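The values are calculated or read from the model by the stated rules, or taken from the named source; none is laboratory data. Keep in mind the model is a prediction, meaning the values are calculated, not measured. We place every Cβ from the backbone using ideal geometry, glycine too, and count neighbours over all the protein chains shown. Surface areas here come from the heavy atoms of the whole protein model, side chains and all, with no ligands, DNA or RNA. Shrake-Rupley method; radii C 1.70, N 1.55, O 1.52, S 1.80 Å.
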Amino acid sequence: MGDERRLLTHQTDQLLAVLNRQRHDWLNHVQVLLGYLDMNRTEQGEAHLKRIAQMAMQESMVARLNNSLLSVFFLTFNALNKEMLLEVDVCNDVDLTRIALGEQHLFQLVSEILCTVNDHVDQSGYEPASMQVSLQADQRGVHFRFDLAGELNASGMEKLEKLIRNSEQSTVEVTEWIHTEDEWVLDLLVPFAQ
């Protein structure tokens with residue numbers, strides 16, 4: 001019973017952290033809009049409202065990926081992690097039930113990539129590192145493009161190389177992988193099921 005209570009308490013704490021982060025972000029948007037109204041800058045206020053609408057539309061597309069584990073992971077990542085800022089961009093209609101990997105396997109692959117980067121990203125910069133993950137479906141499958149603005153330490157790079165090598169043994173194809181001092185990009189193609 002004690003373990004169940006600890007698990008429930010931990011899950012409740014995580015949910016509260018997510019809700020607090022979301023409330024904080026929305027209040028920031030409201031304050032910016034009120035500031036624009038107060039200064040009679042309606043054009044900037046309108047542009048900010050359009051950005052908010054675009055962000056809400058992206059969150060809606062993330063929620064409709066048909067992989068609840070991955071959707072929740074993406075939508076809660078920033079509230080639960082401070083080392084790296086995650087931005088997810090769903091470029092077109094992506095239905096993850098059509099791909100060859102199962103829900104759990106895909107979640108494990110993507111979350112391991114992001115958690116490894118998060119755990120091994122260089123923290124010495126003025127701003128936190130950021131990762132943009134883009135999902136785009138084409139005729140062959142779904143591309144997952146990871147674009148890191150920041151640097152990884154050597155042990156993190158080693159872990160990622162092993163993870164990527166293991167993923168290539170499944171149906172996942174590495175279509176691009178750049179890891180230099182100036183750029184870090186990984187593009188994975190997860191094919192549609194036959």
#### Entry: Per-region count, the range 22-64, residues farther than 21 Å from N78 by Cα, without any contact (Cβ under 8 Å) to a residue 12 or more places away in the chain and among the small types (G, A, S)
2
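Here is a yes/no grid of residues against (1) at pLDDT below 90; (2) over 29 Å from V121 (Cα atoms); (3) of a type in the set (A, V, I, L, M, F, W, C); (4) out of contact with any Pro (no Cβ under 9 Å at 6 or more places or on another chain):
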{"site": "M1", "(1), (2), (3), (4)": "yes, yes, yes, yes"}
{"site": "Y36", "(1), (2), (3), (4)": "yes, yes, no, yes"}
{"site": "L85", "(1), (2), (3), (4)": "no, no, yes, no"}
{"site": "L109", "(1), (2), (3), (4)": "no, no, yes, yes"}
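Please verify whether R98 is basic (K, R), open to solvent by 50 Å² or more (accessible area, probe 1.4 Å), in contact (Cβ under 8 Å) with a residue 60 or more places away in the chain and in contact with a strand residue (DSSP E or B) (Cβ under 6 Å, 6 or more places away or on another chain), treating the condition exactly as stated. Don't jump to the end; show me each part of the working.
Numbers: basic (K, R): yes; open to solvent by 50 Å² or more (accessible area, probe 1.4 Å): yes; in contact (Cβ under 8 Å) with a residue 60 or more places away in the chain: yes; in contact with a strand residue (DSSP E or B) (Cβ under 6 Å, 6 or more places away or on another chain): yes.
Considered against the rule, which asks whether it is basic (K, R), open to solvent by 50 Å² or more (accessible area, probe 1.4 Å), in contact (Cβ under 8 Å) with a residue 60 or more places away in the chain and in contact with a strand residue (DSSP E or B) (Cβ under 6 Å, 6 or more places away or on another chain), R98 comes out as yes.
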#### Entry: For S60: the one exception among (1) at pLDDT 80 or above; (2) in contact with a helix residue (DSSP H, G or I) (Cβ under 7 Å, 6 or more places away or on another chain); (3) assigned to a helix (DSSP H, G or I); (4) not β-branched (V, I, T)
(2)
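Among the residues of the range 140-150, are any farther than 20 Å from W177 by Cβ and either free of Cβ contacts under 8 Å to residues at least 60 places away in the same chain or in a loop (DSSP other than H, G, I, E, B) (or both)?
No, the range 140-150 contains no residue that is farther than 20 Å from W177 by Cβ and either free of Cβ contacts under 8 Å to residues at least 60 places away in the same chain or in a loop (DSSP other than H, G, I, E, B) (or both).
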### Message
Being surrounded by 16 or more Cβ atoms within 10 Å (Cβ to Cβ), modelled with pLDDT of 85 or more and either in a strand (DSSP E or B) or not aliphatic (A, V, I, L, M) (or both) is the filter here; which residues of the range 151-170 pass it?
### Response
E151, L152, G156, K159
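So is E87 within 16 Å of Q22 (Cα to Cα) and open to solvent by 90 Å² or more (accessible area, probe 1.4 Å) or not?
Yes: the conditions hold for E87.
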